[in-house]
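Step one of this worksheet: look at the structure below.
The values are calculated or read from the model by the stated rules, or taken from the named source; none is laboratory data. For clarity, every value in this text was computed on a predicted model and none was experimentally measured. All Cβ positions, even for glycine, are placed from backbone atoms using ideal geometry, and neighbour counts span all protein chains on display. Side chains included, ligands, DNA and RNA excluded: accessible areas come from the protein's heavy atoms. Shrake-Rupley method; radii C 1.70, N 1.55, O 1.52, S 1.80 Å.
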Amino acid sequence: MKTNVAVFFGGRSVEHEISVISALQAINAMDRTKYDIVPIYISKQGRWYTGDNLLNVNNYRNLETLVSNATEVYMRPVYGDYRLYEARQGGGLFSKGAKVVAELHVALPVLHGTNGEDGIFEGVLETIGIPFAGCNTLSSANGMDKITMKMILKEEGIPVVDYVWFTDKQWNSDRDAIVARVEEKLGYPVIVKPANLGSSVGIGKASDRQQLIEKINDAEQFSRRIIVEHMVEKLKEINCSVLGDADDHQSSVCEEPIKTGDFLSYGDKYMGGSGMQSSDKRIPALIPEATSDRIRKMAADTFRVLSCHGVSRVDVMIDESDGNIYVNEINTIPGSLSFYLWEASGISFQELMDRLVQLALQRKRENDRKTFTYDQNIFAMGGGTKGGVKGGAKGGFFDAKGAKSGRH
């Protein structure tokens, strides 16, 4: 029997179009003798659609026509219900007798950026309980947020550049103090970034105070949290992908993206039209073997301490003035799923997709062996509410075995 794999893509994100490209690449790479693919496109308005017309990238030139020729669908937020339902127009989203469009076995999120790669969508899948490939809610959120990620990595001894972070409200109420803190701690030049976007969206370089203010004003349009980082001027950017789970993983060969400015831009990455696969790069990167080994270990350590799962890409920076290496960021759902790095490492795109499905099923089996709830009902055992437990001390409650506990 084939495995029914739901591939989710699109989404409410500035990286919407890149997600479509990555997803269609992944779908085309999957072995149709093993898998039946159910494409699920999430529109920019957050509505879900399925249909064969979603498999042709040319159809995305007119999104209104695209969705009008597809079937609107949804999944119920009920644990254990892996069915995809047709959304009945005029009958309410969860109306009785809704038609089942597909029985799903595994979900594969290929959603880049906010509302997809940041843990929000992963939380939906975890609520339903369906096996899914990739990072869970916690590791997705930590990996997506550049501030939280750097805090964790720094605590674990993984090198990151110096930074200052703040919220948009802090910026609007106390910008003079923030500018002074940036200048005192970092100096110029610096890189300004929205904390939770990818694909180099909203990123800018500032070489003086006026530029700093301008770039922060730009960045706050995209995110409520802003990070300003020390800029490595003699920079070589290197990327490395990691595949597996936090306890058992492997690193790919390294690549060197070719940038046209001070940092790798959105255009450098994607304007070739085929996602990260088409961007200019050197594979393997032209770096000494010892440096490559060091970067591959840093990528693996980053993947491990963030408790990642599936396939990720870790981007690092080499300061060529002193040889220091820093982790820049992790992409927990990388563009094109980094398949080109795995092909260069001896793993085909088709095999990569097989690995992701198997990792999803393996994690589900492991999670099912954990205890999430107790069969006992403490209320049937005399548990009370405000004012204490009947027959027990005021303010206490009974634990799962019926023994009174004073915890509260």
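The label point for Arg175 and the one for Ser321, both projected 7 Å from the Cα toward the Cβ, are 2.8 nm apart.
The magnitude of the dipole of the chain, with charges of +1 and -1 set on the Cβ of Lys/Arg and Asp/Glu and taken from the Cα centre, is near 1800 debye. Using every pair of distinct Cα positions in region 1-144, the Kirkwood expression returns a hydrodynamic radius of 15.4 angstrom. For region 216-231, putting each phi into the Karplus relation 6.51 cos²θ - 1.76 cosθ + 1.60 with θ = phi - 60° gives couplings of 5, 4, 5, 5, 6, 5, 9, 8, 7, 10, 10, 10, 10, 10, 4, 9 Hz, in residue order, rounded to whole numbers and with x for Gly and Pro. Site pair Ala29 and Phe379 shows an inter-label distance of 4.9 nm when each label is modelled 7 Å from Cα along Cα→Cβ. The stretch between Arg61 and Asp81, if pulled fully straight at 0.36 nm per residue, gains 3.8 nm over its current Cα-Cα span. For region 1-84, the per residue solvent-accessible surface stands at 47 Å², with DNA, RNA and ligands left out and a 1.4 Å probe. Label 7 Å along Cα→Cβ of Asp218; region 167-195 residues with amide nitrogen under 16 Å? Counting backbone N atoms under 16 Å from the label point, the list is 189-195.
In terms of the mean number of neighbouring beta-carbon atoms within 10 Å, the peptides 217-228, 361-372, 154-165 order highest first as 217-228, 154-165, 361-372. Out of Ala195, Ala87, Ala299, any idea which swings most in a Gaussian network model of the chain, alpha carbons joined below 10 Å? Residue with maximal mean-square fluctuation among Ala195, Ala87, Ala299: Ala87. Residue ranges 76-83, 47-54 sort as 47-54, 76-83 when ordered by packing (mean number of other C-beta atoms within 10 Å per residue, highest first). Only helices enter this figure: runs of n ≥ 4 DSSP H residues, each worth -39500 (n - 2.57), summed and divided by the residues of the chain, yield -9000 deg cm²/dmol at 222 nm to the nearest 500.
At what distance in angstrom do the alpha carbon centres of region 69-88 and region 123-162 lie from each other? Between the Cα centres of region 69-88 and region 123-162 lies a distance of 27 Å. Largest GNM mean-square fluctuation among Met75, Met231, Met381, using the chain with Cα springs under 10 Å: Met381.
GNM on the chain, alpha-carbon springs under 10 angstrom: the most fluctuating residue among Lys146, Lys185, Lys205 is Lys185. Would you mind working out the accessible area per residue for region 282-335, using a 1.4 Å probe, and quoting it in Å²? With the other protein chains kept in place, region 282-335 gives 39 Å² per residue. For the chain, carbon and sulfur atoms together expose 47% of the accessible surface, with a 1.4 angstrom probe and every protein chain in place.
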